């Protein structure tokens, strides 16, 4: 299986397991004698499924929907059915959200809505302070942990990328050094062999005009001198 397809399968499996886990507290509150009902359970299961489905692309939306589902059940926010979902989506929002400003606006909006509902229902401010405590412990704290894990992963990834880039740069430097050394060796060979070929050409030229040699020997010396000159030119080109 290709790596992208394998990664997508792992993500779907993780989302399915997360949804099943978050549905457990909702199912436990299905007893009518305990204030629950099957229609509320069905609504909760569907809401959690939608939150899990959108949590990768819009993690704050999933967190906001979970908070909106918790507030009608209790103004103190921390409910038996959705407390685990608040913690999970709070962590995932910190882990997956790129910027922090939208999350801070959401936290402020939850606190403001909680205060407004407290005033509208004519309840004591103690309940609102309980909401703030639940918001801090069940949402903000997991969100901060998620942000820490995100920053740590980014730091580790940046470290590996830096190490890989430094390794490539060192390999490039080594390649340049090898090319420079090869060029130096080629230059030394050109100077040495060129000097030897020039001496051969000079001696062949001296033999070519020597009166002690016959025409055949002088012609052979001339061919030797020409061959040495050609070899010198080819060496220079190489």
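The table below lists the values:
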| quantity | calculated |
| --- | --- |
| Within a Gaussian network of the chain (alpha carbon springs, distance under 10 Å), most fluctuating of 145, 200, 87 | 200 |
| Mean ellipticity per residue at 222 nm, deg cm²/dmol - from DSSP H runs of n ≥ 4 across the chain, formula -39500 (n - 2.57) | -28500 deg cm²/dmol |
| Residue of 94, 114, 226 that the Gaussian network model of the chain assigns the largest fluctuation, springs spanning Cα pairs under 10 Å | 226 |
| Cα-based convex hull, the range 165-237, per residue volume (Å³, whole number) | 57 |
| The range 71-219 - Rg over Rh from alpha carbon coordinates, Kirkwood radius | 1.81 |
| Relative contact order for the range 84-145, counting Cα pairs under 8 Å that sit 6 or more residues apart, in percent | 64 |
| The chain: relative contact order in percent, alpha carbon pairs under 8 Å with at least 6 residues between | 14 |
| Of every Cα-Cα pair in the range 3-158, the percent that sits beyond 28 Å | 23 |
| Sequence-separation-based contact order of the range 165-237, relative, with Cα cut under 8 Å and 6+ spacing, percent | 31 |
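Computed from the coordinates by the stated procedures, all read-outs in this text should not be read as laboratory data. None of these values were measured; they are calculated from a predicted model.
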